[in-house]
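To keep things clear, I will list the structure first and then write my remarks on it.
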Amino acid sequence: MPWCKGGVGDAGQKHFGTVVCKSCGMIYTAASPEDEAQHIQHHESFLEALRYLGWKKERIVAEFWDGKIVLILPDDPKYAVKKAEDVREIVDNELGFKQVSLSCPAKSKIYLFVSNEKMIVGCLVAESIKQAFRVLSEPGATGQDLLQHQRAWCCSTEPERAVCGISRIWVFCPRRRKGIARRLMDVVRSTFSYGCYLSTDDIAFSDPTPHGKLFATKYCQT
Ligand code: ACO
């Protein structure tokens, strides 16, 4: 998968005659009792997967007034890695990443934003990388164009040095625009490489969704 500097992508399709649950993201027909029952079942298992009970030796890398960020490494106890994998599956589902494996699971670091209500409301998967391709700016493209998938983005063909690849970044829908993604990024920059604070230039995003690109453009100020 290519890594892009300066921004990367969300499913923004319109669904006619259907409802999209703002929490679990399931698309269903509200008028159909069968669909509604399926939605309730999916909704509950979705929230269950995001429930975070914690463990004694959790690695808290930041604390805030509204929650904390926990880092999970590949060599952590199985139960911690399993929790991180369960959340990654939810994220992959929402991003439409079907069976996209991590380029190097043994080197990936998973950051979870846990709310005070003990729920995982943010997830970031970071991987070690060596190079990335800069997203070229498109004169005249608006945020609306991006969200409606009206324009594709192009990348330079010249690789640039990069250190950290953000392979997934996701925030629980009802908690978006509260700085959770920004805080996850800040923490990655200070904890990903021991002893150094990464600049936004050291970071690249994998194939971004429109929301991801809008976020990355703002965060990286590109
Ligand atoms: N539209 C426009 N600007 C945005 C958007 C958006 N949807 N989201 C973030 N920004 C910009 C804003 O300038 C925002 O600051 P403001 O709220 O003060 O205006 C700034 O980025 C910081 O935003 P945060 O609040 O930190 O971002 P949030 O916690 O809402 O998370 C994210 C952003 C992760 C993209 C979220 O919308 C999301 O989970 N979307 C669905 C999943 C997705 O598409 N993830 C990206 C995939 S790409 C990849 O994983 C590599």
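The values are calculated or read from the model by the stated rules, or taken from the named source; none is laboratory data. Note that the structure is predicted; figures quoted are calculated from it, not measured. Here Cβ is always computed from backbone atoms with ideal geometry, including for glycine, and neighbour counts include all displayed protein chains.
Which condition breaks for Leu71 when tested against (1) modelled with pLDDT under 95; (2) within 16 Å of Ile166 (Cα to Cα)?
Only one criterion in (1) modelled with pLDDT under 95; (2) within 16 Å of Ile166 (Cα to Cα) is unmet by Leu71, namely (1).
How about the range 193-220: which of its residues are of a type in the set (A, V, I, L, M, F, W, C) and either more than 6 Å from the ligand (Cβ to nearest atom) or touching a Cys at 6+ places or on another chain (Cβ under 9 Å) (or both)?
Narrowing the range 193-220 to residues of a type in the set (A, V, I, L, M, F, W, C): 196, 198, 203-205, 214-216, 220.
Listed by number, the residues that qualify are Cys196, Leu198, Ile203, Ala204, Phe205, Ala216, Cys220.
Take the residues of the range 161-185 that are closer than 21 Å to Val135 by Cβ and surrounded by fewer than 15 Cβ atoms within 10 Å (Cβ to Cβ): which is farthest from the ligand (Cβ to nearest atom)?
That would be Arg161.
Being part of a helix (DSSP H, G or I), touching a helix residue (DSSP H, G or I) at 6+ places or on another chain (Cβ under 9 Å) and β-branched (Val, Ile, Thr), is that true of even one residue in the range 198-213? Please lay out each step first, then the result.
As a first pass, look at the range 198-213 and keep what is part of a helix (DSSP H, G or I): 200-202, 210-213.
Within this subset, residues satisfying the condition of being touching a helix residue (DSSP H, G or I) at 6+ places or on another chain (Cβ under 9 Å) are 200-202, 210-213.
Now narrow it down to the ones that are β-branched (Val, Ile, Thr): 200.
Within the range 198-213, one or more residues are part of a helix (DSSP H, G or I), touching a helix residue (DSSP H, G or I) at 6+ places or on another chain (Cβ under 9 Å) and β-branched (Val, Ile, Thr).
Looking at the range 177-194, I want the residues that are small (Gly, Ala, Ser) and have a partner that is surrounded by fewer than 13 Cβ atoms within 10 Å (Cβ to Cβ) with Cβ atoms under 9 Å, at least 6 apart or on another chain. Which pairs are those?
Partner pairs satisfying both residue conditions: Ser190/Cys196; Ser190/Tyr197.
Suppose we filter the range 39-69 for residues that are over 30 Å from Thr18 (Cβ atoms) and part of a strand (DSSP E or B); how many remain? Walk me through it before giving the result.
Of the residues in the range 39-69, the ones over 30 Å from Thr18 (Cβ atoms) are 52-69.
Right, trim to part of a strand (DSSP E or B) and you get 60-64, 67-69.
Qualifying residue count for the region: 8.
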